[in-house]
Structure formats: structure tokens, C-alpha cells
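So the structure is just underneath, and the comments pick up after that.
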Amino acid sequence: MNGRMDEAIWGHAPWTDSFQDIEGDIKPKPRFDTRVRMLWDDTNLYIGARMEEPHLWGTLTEHDCIIYEDNDFEVFLDLNGTCQHYVELELNLLNSTWDLMLTRPYRAGGIRFNGWEFHGLQTGIHLDGTLNDPTDADGGWSVEIAIPWTALADVTNRPLPPSDGDQIRIGFSRVEWHHEIVDGQYRKIAGLPEDNWVWAPTGVIDMHRPERWGVLQFSERTSDLPAAQPLDEWEHRVALIDLFEAQRTWYTDHGRYASSLDDLGITTPDMTLEATSTQFYATLGTFSIDHEWRLDRVSVK
């Protein structure tokens, strides 16, 4: 795996649209183009990315360090669509990686497991230019990633590998720092935040919004791909997440959870809510959510 995507099979994988700013159309178009393509077989999920970049530089070499302190490329996977126990991979131009698992988003009290690993992961980086040489102009860099299905077995209850028509939530992000050249070396400009460019904007500077990632639908076809279908009751799931956010705000303001949907100004038909001052449980369709961000199928007794 060399990062070039020069194998013939990649010709069957269409490119995504160009990435946008993480906040969406309210921000300018990214300065450099980023696109992704995906393939799969019974063994792996394959991801290829190509990034325009006139200055190739990187510094971090330690596995599981905070890779986004360099320019990087990131992948997020929520195989169950429950916005829980999702996994993340980051890699930089030196092919240094950080893989981790989140029990739930940080804003919902999620815990990060740095010790979680994509066992059997393969990554390759190709540089169109010279690394850490500010005297020339570079073309960009590209990435190939192979994630074994076996590496994901402990973060999903669904059968793997997927079947034709199956779907998962997936997010892609690219972190790009503004830099200057000092004494012949690249250096981040102090006080300037990074740019965050993504496939599916979350609307806020936070990739840990799994409900706003894109949908990857698996197909056994190599042409005439079927239209993607919405995930099962996805609107219900998002409405429940909106309720969770409203309850969190209510708790901050009042020191307790709201006892009714009217208190929260929520008028979603058929949503139910039960609450005490310290707990709540809401349902809509066949899904439920509670105060600990457990978003799942309603238990049938």
C-alpha cells in the first residue's frame, strides 16, 4: 500500500465532492481541494484521499499522539448508527497514526480509549513533492487506508463484512494549519486556529457530532450505483438527539431535567418523555434516548 491509488480497482470508486468548511456555507471555500473515494471487500474497508497542498510538512512520529497538532487526515466510523462506541483514525504526512474509540461524544460525557487499536490496519502515504523543504512548491499528498472488518468487531453488533445495501455513518476531516517559515523551517502561526475541512459539515467546529456525518452505503456494483437510502428512522434518531441537547441546556439553566416536552418547546408528534430531576427517557418510533446518551432501539418487554 503506497498511497498512490494506482491499482486498477480504484478506477471503480467514484470521488466524493470536494470537502467544505466544517461550519458549512457560512465559511469560505477551503483553500486547497480534498476528495475521498472508497471500496470494500470481504476483508477490508478501503479509503483513499487526495489533498492539494503546496507545502508538505509534518513533525509528529509517535503512535497515538495527538496527530491533529500536525496537518492531518481523519476518519470516523459509527457502524451501528447509535452515535456511541464510534472509532476514529488520524494520520499525518509522516504516516504517524492515532486510533481511538469514544463511548459517546465528548459533549455527552464520552470517554476516550486511546488503547483501542485498528488491529491489522494498513496505511500508505504518497507525497507529491518534498517533505519539510520550504524552498520549493509541492503538489499535495494522498493516502490509502485498509481497515480490516475484524478490527471493528468489538465496536458493533452487526454482521461483518457488510452485505449489499448495508449502511454505516462515516465522517472525514482534514486539519490544515496556517504556517510561516522561520530559519528555514515550517512553523504554525501562533494565535491562528486550524482550518477544519470535511466531507459532511457538522455546522460547528466539532467532528464529534456523529449524527451529522455522512452515510456510506455498500454496493456490489461497480457501475450504475443505486441511490443511497436514508438510514432506518434516521429523522427519529436526530430528533431524539435534539431533545438530549435541549435537556442538557435545561439542566444547566435549572439544575434539573425538564419534565415535559412543552417545557422544552418540542412539538414532535408521537415523541414521549419521562423524567425526574436527575434522569430522563424519551422515545420516538422504535428508538429511545436517555440522560446518558444511550440512543438505541426501544426495549420490547
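FYI, it's all coordinate maths here, none of it is from the lab. Keep in mind the model is a prediction, meaning the values are calculated, not measured. Heads up, the Cβs are rebuilt from the backbone with ideal geometry, glycines too, and the neighbour counts pull from every protein chain shown.
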Counting alpha carbon pairs within less than 8 Å and at least 6 residues apart, what relative contact order, in whole percent, applies to segment 235-299?
-> 28 percent
Say each of Thr278 and Leu121 gets a label point 7 Å from the Cα, pointing the same way as Cα to Cβ; how far apart are those two points in nm?
-> 3.8 nm
Rounded to the nearest Å, what's the spacing between the alpha carbon centres of segment 114-168 and segment 56-111? Just the number, please.
-> 11 Å
Which of Phe76, Thr252, Ser18, positive extreme of dipole for the chain (C-beta unit charges) | Thr252
Calculate the dipole size of the chain relative to its Cα centre from +1 charges on Lys and Arg beta carbons and -1 charges on Asp and Glu beta carbons; express the result in debye to the nearest 20.
-> 640 debye
Estimated vicinal HN-Hα couplings, Hz - segment 240-256 in sequence order (Karplus 6.51, -1.76, 1.60; Gly, Pro = x) | 5, 5, 4, 5, 4, 5, 5, 5, 5, 5, 4, 5, 4, 7, 10, x, 7
Using the beta-carbon distance between His178 and Thr135 and R0 = 25 Å, what value does 1/(1 + (r/R0)^6) give for FRET efficiency, to the nearest 0.05?
-> 0.85
Could you sort 79-92, 259-272 so that the peptide with the highest average Cβ count within 10 Å comes first and the rest follow in order?
-> 79-92, 259-272
Residue exposure sequence - Tyr281, Tyr106 - by fewest surrounding Cβ within 10 Å | Tyr106, Tyr281
Read phi for every residue in segment 190-203 and hand back ³J(HN,Hα) as whole Hz from Karplus 6.51 cos²θ - 1.76 cosθ + 1.60, θ = phi - 60°, with x for Gly and Pro.
-> 4, x, 9, x, 6, 8, 10, 10, 9, 6, 10, x, 8, x
Got a sec to turn the phi values of segment 165-176 into Karplus ³J(HN,Hα) couplings, 6.51 cos²θ - 1.76 cosθ + 1.60 with θ = phi - 60°, whole Hz, x for Gly and Pro?
-> x, 5, 9, 9, 8, 9, x, 10, 9, 10, 9, 10
